[in-house]
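S.K.: Sharing a structure, written as structure tokens. Questions coming.
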Amino acid sequence: MRTLEHLPIPGRLRRRIERQWLIGRAIKRRHALTLLTDRTRQIASRDILAFVTQRNERVRLPYFLDYYRKLGIRHFLFVDNNSDDGSTEYLCEQPDVSLWWTKAGYKQSRFGMDWLGWLLFRYGHGHWCLTVDPDEFLVYPHCDDRPLTALTDWLEDSGRRSYPAMLLDMYPRGALDETVYREGQNPFEIACWFDPANYSIRKNKYLGNLWIQGGPRTRTFFSYDPKSGPALNKIPLVNWNRRYAYYSSTHMLLPRSLNWVYDEDGGEMASGCLLHAKFLSTFAEKSAEELDRGQHYANSQEYRAYHAGLQEGAHLWCSESREYHDWRQLEDLGLISSGNWP
Amino acid sequence: MIDEVRLGVVLLCHANLPMAARMARIWADGGARVVIHIDAKVPAATADKMKRELSDLPGILYSRRIRCNWGRFSLIEATQHAASQLLEAYPDCTHVYLASGSCLPLRPIADLSAFLAAHPGRDFIESVDTNEVGWVIGGLNEERFTLYFPIDWRKYRKLFDRCVAIQRRLRIRRKLPRGLTPHLGSQWWCLTARTLRAILDDPRRDEYDRFFRRTWIPDESYFQTLARRHSSGIESRSLTFARFDHRGRPYQAYDDHLQVLEEANCFVARKIWPGAARLLEHFPRPADATPDPAPPQPANIERLIARTLSRRILGRPGLYMQSRFPRKDAENGKTSAPYAVFQGMTDIFPDFENWLRDHMPGDVHGHLLGPEMVEFAGRPEIGPGALSSSAVVRDYDPQRFLTALIRVTERMQVFQFSPRDNQELNWFMATDPNAYLFVVTGAWNLPLLDMDMPFDDVRRITAMLQRTEMEQLQVLNSVWVKARVQLWEFNDFIARPQAILDKVLSQIDPDANPVTELPPMRDMTGLPEHLQRLRNSGLHPHLTGDQPITKASHILARNNI
């Protein structure tokens, strides 16, 4: 697909071809998925669905499921990438989870997006769909008072089909492995610090999305090459249609009108945050494992850098880090905005 | 003088009938006569269910069901039928309130009756003259009356817009019925039975109806216009609290608005999110022994809505984020607070940064855009907002760097600048009204004086820096400059540095103490000779000032340098 960029095809046509190719690819790869538990009959017409890929996240799952159940997710569609820590069995027991299993390569499946692409195509049509990782927790304005349905109802009334939520890396105050994360615990009791204002933004003309980088990872591991730092822009919540396709992870979508989640005339549109609870005690072992597997973006460059950094005892906290309180704080800092939702 | 108020309510229900049934019960329990219109689009089974639910309230009437299309006359037709039925069935009604099935009464109905009794003979209907004031947000104003609208906006938006555009081009204007002045206003009103009867029984009603049949969104103009003909006392405000966003969509109330809604003391609110269980449980407030006729006080909630609207339309100045990324020159504030940039000072006074820190409030940084590192005050590795001091990271997106720094810090940001630094923000700062730029041109020559370098290298660097500064001056002298820029040539500045610095500091901070002592200056011996040598080598250093070299050295001598 990358070769298309060099051909003299008009952008519009090219995007169309790419979108159809992505959807076709997801449909074709559906055979890689083995259905373990099918509770999709429970899905009612206006339910909000969550789509998740996971691998060996057993410890994190209880809190993750709890968090999103409280927010108003009615059904979880999980793809389990060959876990061996009991998370498969755990998910099978959950009353609102449908589970697929695969041993195909994460990287070869466009970092899991082929699998989720198929599930979104098959089950997401006509629903508000939240596509997240088990370490991402959605926070939006008024999230302590209003369930997710209030947000999706309002988005729908306002004629919007997608909702952006930037990835906000959270980290503990000391070394990552200082406090051990216990199952069921709120990860943000440990990792409650974040970088308030060191994000870079540029616009991607081809897909119309913003490309946000920065945060603690760029500051610590990529300060010599900020361009390679991880992308933080995400659009996880979409009123799905089977003609849509995630282009690269959940960073952007096709058709590109779904990526226009920002105002260019000075106003603020509504947006939320995905609190990223990646940097917990579980991270050190995970980074070693992932490094061996080599299944992550850009040759696991990120993991390589973390691993090297963490070996040296580096930690992410700095004196300018802020302690997380609630969404109001994020809004005051300008990381999220309630836009037109009073 | 009306002694007693007997309230009648016309309830228009389109969707969410369970909620509408609940509202009907509230009205009926409060002693109001209720006529319900159920949109003909609602399936019969659902409508029957609602009727069954309300069957214990015998006084409730149901009017003829009409298919209502948004923005069309069918809504008026439904209202007319329901209102006529109400007035016929309950001739003792003194007031008729038009509400929707999702309008939630916040105060006891008795309060509303008491309020109406306190204002006898008044018609509460928002009614704004279209010729004079633009009442409409995000839509057509008087053209609602003068154009034809054959196309459904909800279904065919583009076609609708094109149709309007064509009529504008062809200068098509419909004629208004004689004697009508078009008025617009909120579609929710409370009219006295007398006025409503006069409107419904008007001998020219057919003519008006024919006209409004082709008007756009007549529910916001039909009664508003006709009430002006028939009413003897119009109170141009709606008793239903409803506000619209910039696209004309109504704001909804959620559970967390409970406090502010209660303070607003409004009679009826539109519209409530159906899932707001706490609101629905809390309102309407139980009736007191004596009804309270106090008028609504929506100041707080108005403020909340105004703030929301301005955030949506204007945004917070100087903020760049995932959902606000203004294009160039549409920023509504490139930065969030004033900041000052000093150029050339550190070349003349090596310790200028520390000196300035003692002489003004604010965070005084070194060369924030410097080539080696970001020189935050105190030179920490991580600056305010967790900004990295790495020049590479900063140069990846310098504009976000500067705006984030200014936004995240509370005090004024002051930093040093020179042609050696990253020049990418020159246009940005020059066009930013928040920027104070104080520039001494040609000062960068000074550090080159005691460089231990071959003259050829010095000459090359001089040429480069001079070119950079000339380009910058082109920006600062352009007509687009919005910053407060002050330029001094090096010689001018050296002639009276104390007076200039004094003026500069008092500009930034009017309460600043007068400058009594200057920081130590860099040794300038040999500058005239150095400049002459550059001239002799074929380079023309013209940013230091035009004065002849002898005069410059004379000034230097006079300043004991």
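The values are calculated or read from the model by the stated rules, or taken from the named source; none is laboratory data. Because the structure is predicted, anything quoted here is derived from the model rather than measured. Virtual Cβ from ideal backbone geometry, glycine too; neighbours counted across all protein chains shown.
S.K.: Only one of B:Met464, B:Met470 is assigned by TED's automatic domain parsing to the domain that holds B:Leu505, at pLDDT 90 or above, under 44 Å from the mean Cα position of the chain (by Cα) and not in a loop (DSSP other than H, G, I, E, B). Can you tell me which? Show your work before the answer.
M.R.: Working: B:Met464 fails: under 44 Å from the mean Cα position of the chain (by Cα).
From the options B:Met464, B:Met470, the qualifying one is B:Met470.
S.K.: On to the next question. Pull out all pairs, ordered by first then second residue, where Cβ-Cβ is under 8 Å, the residues are six or more apart or on different chains, the first lies in the range B:12-34 and is in the same structural domain as B:Trp70 (by TED's automatic domain parsing) and farther than 17 Å from B:Ala78 by Cβ, and the second is of a type in the set (Val, Ile, Thr) and in a helix (DSSP H, G or I).
M.R.: Every condition considered, the pairs that remain are B:Ile26/B:Ile109; B:Trp27/B:Ile109; B:Asp29/B:Ile109; B:Gly30/B:Ile109; B:Gly31/B:Ile109; B:Ala32/B:Ile109.
S.K.: Among the listed residues B:Asp56, B:Asp48, B:Asp29, B:Asp39, identify the single one that is crowded, with 17+ Cβ neighbours inside 10 Å, charged (D, E, K, R) and out of contact with any Phe, Trp or Tyr (no Cβ under 7 Å at 6 or more places or on another chain).
M.R.: After ruling out the rest, the residue left standing is B:Asp39.
S.K.: Just wondering, is there one or more residues in the range B:160-170 that are modelled with pLDDT of 85 or more and under 22 Å from B:Asp245 (Cα atoms)?
M.R.: Scanning the range B:160-170, I find at least one residue that is modelled with pLDDT of 85 or more and under 22 Å from B:Asp245 (Cα atoms), so the answer is yes.
Okay, residues lined up against (1) in the same structural domain as B:Val392 (by TED's automatic domain parsing); (2) closer than 20 Å to B:Lys503 by Cβ; (3) in a loop (DSSP other than H, G, I, E, B); (4) free of Cβ contacts under 8 Å to residues at least 24 places away in the same chain:
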position	(1), (2), (3), (4)
B:Met429	yes, no, no, no
B:Tyr436	yes, yes, no, no
B:Val439	yes, yes, no, no
B:Ser478	yes, no, yes, no
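S.K.: Hey, another quick one. In the range A:318-337, how many are assigned to a loop (DSSP other than H, G, I, E, B), within 21 Å of the chain's Cα centre (by Cα) and at the interface with chain B (Cβ under 10 Å from one of its Cβ atoms)?
M.R.: So the count comes out to 3.
S.K.: Follow-up question, since we're still on this one. Based on what the data block shows, is B:Leu191 assigned by TED's automatic domain parsing to the domain that holds B:Phe124 and part of a strand (DSSP E or B)?
M.R.: In short, yes.
S.K.: Among the residues of the range B:361-400, what is the count of those that are within 13 Å of another protein chain (Cβ to nearest Cβ), among the basic types (Lys, Arg) and at positive phi?
M.R.: So the answer is 0.
S.K.: Output the number of the condition that B:Asp92 fails; it satisfies all remaining conditions of (1) under 27 Å from B:Pro108 (Cβ atoms); (2) among the acidic types (Asp, Glu); (3) not in a loop (DSSP other than H, G, I, E, B).
M.R.: The failed condition is (3).
S.K.: Same structure, new question: For B:Ala294, work out the one condition from (1) surrounded by fewer than 22 Cβ atoms within 10 Å (Cβ to Cβ); (2) in a helix (DSSP H, G or I) it doesn't fulfil.
M.R.: Every condition holds for B:Ala294 apart from (2).
S.K.: Can you tell me which residue among B:Leu449, B:Leu531, B:Leu543, B:Leu539 is under 45 Å from the mean Cα position of the chain (by Cα), of a type in the set (A, V, I, L, M) and farther than 16 Å from B:Phe342 by Cβ?
M.R.: Every option except B:Leu543 fails the conditions.
S.K.: Let me ask something else. Do we find a residue being at negative phi, in a strand (DSSP E or B) and either at pLDDT below 95 or over 18 Å from the mean Cα position of the chain (by Cα) (or both) anywhere in the range A:288-309?
M.R.: No, there is no match, as no residue in the range A:288-309 is at negative phi, in a strand (DSSP E or B) and either at pLDDT below 95 or over 18 Å from the mean Cα position of the chain (by Cα) (or both).
S.K.: Would you check which residues across the range B:88-97 are surrounded by fewer than 24 Cβ atoms within 10 Å (Cβ to Cβ), over 15 Å from B:Arg64 (Cβ atoms) and either aliphatic (A, V, I, L, M) or out of contact with any Ser or Thr (no Cβ under 8 Å at 6 or more places or on another chain) (or both) and list them?
M.R.: Residues of the range B:88-97 that are surrounded by fewer than 24 Cβ atoms within 10 Å (Cβ to Cβ), as a first pass: B:88-94.
Then keep just the ones that are over 15 Å from B:Arg64 (Cβ atoms); that gives B:90-94.
Hits for the range B:88-97 are B:Tyr90, B:Pro91, B:Asp92, B:Cys93.
S.K.: Any residue that is surrounded by 22 or more Cβ atoms within 10 Å (Cβ to Cβ) and away from chain A (no Cβ under 14 Å) - is there at least one of those in the range B:406-415?
M.R.: Taking every residue of the range B:406-415 in turn, at least one turns out to be surrounded by 22 or more Cβ atoms within 10 Å (Cβ to Cβ) and away from chain A (no Cβ under 14 Å).
S.K.: Something else now. Before we move on, is B:Asn354 out of contact with any helix residue (DSSP H, G or I) (no Cβ under 6 Å at 6 or more places or on another chain), of a type outside the set (Gly, Ala, Ser), farther than 30 Å from A:Asn259 by Cα and not assigned by TED's automatic domain parsing to the domain that holds B:Trp189?
M.R.: In short, yes.
S.K.: Could you check the range B:303-329 and list, in sequence order, the residues that are without any contact (Cβ under 8 Å) to a residue 40 or more places away in the chain and either of a type in the set (Val, Ile, Thr) or more than 7 Å from chain A (Cβ to nearest Cβ) (or both)?
M.R.: B:Arg303, B:Ala306, B:Arg307, B:Ser310, B:Pro317, B:Lys328
S.K.: Hey, does the range B:327-339 have a residue that's closer than 27 Å to B:Lys482 by Cβ, touching a Ser or Thr at 6+ places or on another chain (Cβ under 8 Å) and surrounded by 19 or more Cβ atoms within 10 Å (Cβ to Cβ)?
M.R.: yes
S.K.: May I ask you to say which residue of A:Pro147, A:Pro141 is modelled with pLDDT of 90 or more, facing chain B (nearest Cβ under 8 Å), in contact with a Gly (Cβ under 9 Å, 6 or more places away or on another chain) and under 30 Å from B:Pro274 (Cβ atoms)?
M.R.: Of the residues listed, the single one that is modelled with pLDDT of 90 or more, facing chain B (nearest Cβ under 8 Å), in contact with a Gly (Cβ under 9 Å, 6 or more places away or on another chain) and under 30 Å from B:Pro274 (Cβ atoms) is A:Pro147.
S.K.: Let me ask something additional. Looking at (1) more than 7 Å from chain A (Cβ to nearest Cβ); (2) surrounded by 15 or more Cβ atoms within 10 Å (Cβ to Cβ), can you tell me which one B:Asp358 breaks?
M.R.: Among (1) more than 7 Å from chain A (Cβ to nearest Cβ); (2) surrounded by 15 or more Cβ atoms within 10 Å (Cβ to Cβ), the lone unmet condition for B:Asp358 is (2).
S.K.: Is one or more of the residues making up the range B:506-528 exposed (fewer than 14 other Cβ atoms within 10 Å of the Cβ), at negative phi and outside any loop (DSSP other than H, G, I, E, B)?
M.R.: no
S.K.: Of all residues being within 14 Å of another protein chain (Cβ to nearest Cβ) and under 18 Å from A:Asp135 (Cβ atoms) in the range A:182-211, which is surrounded by the most Cβ atoms within 10 Å (Cβ to Cβ)? Just the residue, please.
M.R.: Only one residue fits best here, namely A:Asp195.
S.K.: So in the range A:242-267, with the set limited to residues that are hydrophobic (A, V, I, L, M, F, W, C) and either part of a loop (DSSP other than H, G, I, E, B) or within 11 Å of another protein chain (Cβ to nearest Cβ) (or both), which one is surrounded by the fewest Cβ atoms within 10 Å (Cβ to Cβ)?
M.R.: That would be A:Trp260.
S.K.: Report yes if some residue within the range B:334-348 is within 14 Å of another protein chain (Cβ to nearest Cβ) and among the polar types (S, T, N, Q); otherwise report no.
M.R.: Scanning the range B:334-348, I find at least one residue that is within 14 Å of another protein chain (Cβ to nearest Cβ) and among the polar types (S, T, N, Q), so the answer is yes.
S.K.: Right, next: Being crowded, with 20+ Cβ neighbours inside 10 Å and closer than 22 Å to B:Trp153 by Cα is the filter here, so list the residues in the range B:246-268 that pass it.
M.R.: B:Tyr251
S.K.: Ok, one more. Which one of these is surrounded by 14 or more Cβ atoms within 10 Å (Cβ to Cβ) and over 30 Å from B:Val268 (Cβ atoms): B:Cys163, B:Cys190?
M.R.: Exactly one of B:Cys163, B:Cys190 is surrounded by 14 or more Cβ atoms within 10 Å (Cβ to Cβ) and over 30 Å from B:Val268 (Cβ atoms), namely B:Cys163.
S.K.: Examine the range B:175-188 for a residue that is polar (S, T, N, Q), within 31 Å of the chain's Cα centre (by Cα) and either over 19 Å from B:Tyr97 (Cα atoms) or not assigned by TED's automatic domain parsing to the domain that holds B:Ala20 (or both), and state whether such a residue exists.
M.R.: Checked the range B:175-188: no residue is polar (S, T, N, Q), within 31 Å of the chain's Cα centre (by Cα) and either over 19 Å from B:Tyr97 (Cα atoms) or not assigned by TED's automatic domain parsing to the domain that holds B:Ala20 (or both).
S.K.: Would you be able to tell me the number of residues in the range B:137-189 that are of a type in the set (Val, Ile, Thr) and under 29 Å from B:Ala83 (Cα atoms)? Explain how you work it out, then say what you get.
M.R.: Our first condition is that a residue be of a type in the set (Val, Ile, Thr); within the range B:137-189, this holds for B:137, B:146, B:151, B:164, B:166, B:172, B:181.
Now narrow it down to the ones that are under 29 Å from B:Ala83 (Cα atoms): B:137, B:146, B:151, B:181.
Looking only at that region, the number is 4.
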